[in-house]
Amino acid sequence: MSESELKAILAHEFGHFTQRSLNVYSYVYIENLVIYKMLIDEEYYQTLLHKFTVVGRFSWIVIYYSRVIRWILRKAYDVVSKSYMALSREMEFHADEISARVSGSIPAVTALLRTGLAWDSFNYVWQFIIITFQKILG
């Protein structure tokens with residue numbers, strides 16, 4: 001990686017610190033994660049429902065209200081998730097803009113291409129290691 005490409009990457013990362021939306025982003029991220037865990041962990045939800053059905057004859061109330069609450073949460077998750085993704089994109093564009101202004105557009109682009117190639121290479125090697133160990137332990 002050239003010095004100008006390193007400068008572009010550092011400018012991009014420091015660009016994230018200049019964003020005032022960083023505090024809001026962390027709250028949106030946490031809210032998104034909490035709702036996601038509540039909705040997607042189906043095994044936990046089914047286990048919980050099973051415990052209530054064993055308890056007594058009024059368990060249908062719990063089941064009904066839990067389904068209503070999950071339906072509401074799914075609608076809230078749609079809104080929060082879209083906001084989270086839009087804010088995330090906006091923050092990345094802002095950091096990219098700072099990187100391009102500080103280092104120039106060509107080093108910023110080539111640095112992104114190099115880091116993308118490096119990331120893909122790392123993932124390829126990592127998957128190879130995982131598969132190899134699974135075969136050995138297997």
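The values are calculated or read from the model by the stated rules, or taken from the named source; none is laboratory data. Quick caveat, the model's predicted, so the values are computed rather than measured. Note: ideal-geometry Cβ built from the backbone for every residue, glycine included; neighbour counts use all protein chains shown. Please note that ligands, DNA and RNA were not included when accessible areas were found on the heavy atoms of the full protein model with its side chains. Shrake-Rupley method; radii C 1.70, N 1.55, O 1.52, S 1.80 Å.
Sort through Tyr36, Tyr29, Tyr124, Tyr84 and tell me the only one that's at pLDDT 80 or above and in contact with a Phe, Trp or Tyr (Cβ under 7 Å, 6 or more places away or on another chain).
Just one listed residue meets the conditions, Tyr84.
Can you confirm whether Leu73 is at pLDDT below 85 and touching a helix residue (DSSP H, G or I) at 6+ places or on another chain (Cβ under 8 Å)?
Details: at pLDDT below 85: yes; touching a helix residue (DSSP H, G or I) at 6+ places or on another chain (Cβ under 8 Å): yes.
Yes: the conditions hold for Leu73.
All but one of (1) at pLDDT 75 or above; (2) open to solvent by less than 70 Å² (accessible area, probe 1.4 Å); (3) in contact with a His (Cβ under 9 Å, 6 or more places away or on another chain) hold for Thr18; which doesn't?
Among (1) at pLDDT 75 or above; (2) open to solvent by less than 70 Å² (accessible area, probe 1.4 Å); (3) in contact with a His (Cβ under 9 Å, 6 or more places away or on another chain), the lone unmet condition for Thr18 is (2).
In region 92-121, which residue that is over 12 Å from Ala11 (Cα atoms) and of a type in the set (Val, Ile, Thr) is modelled with the lowest pLDDT?
Of everything passing the filter in region 92-121, Thr115 is modelled with the lowest pLDDT.
Residue under question is Thr132, and the condition is that it be open to solvent by 40 Å² or more (accessible area, probe 1.4 Å), more than 27 Å from Tyr29 (Cα to Cα), in a helix (DSSP H, G or I) and touching a helix residue (DSSP H, G or I) at 6+ places or on another chain (Cβ under 6 Å); does it hold?
no
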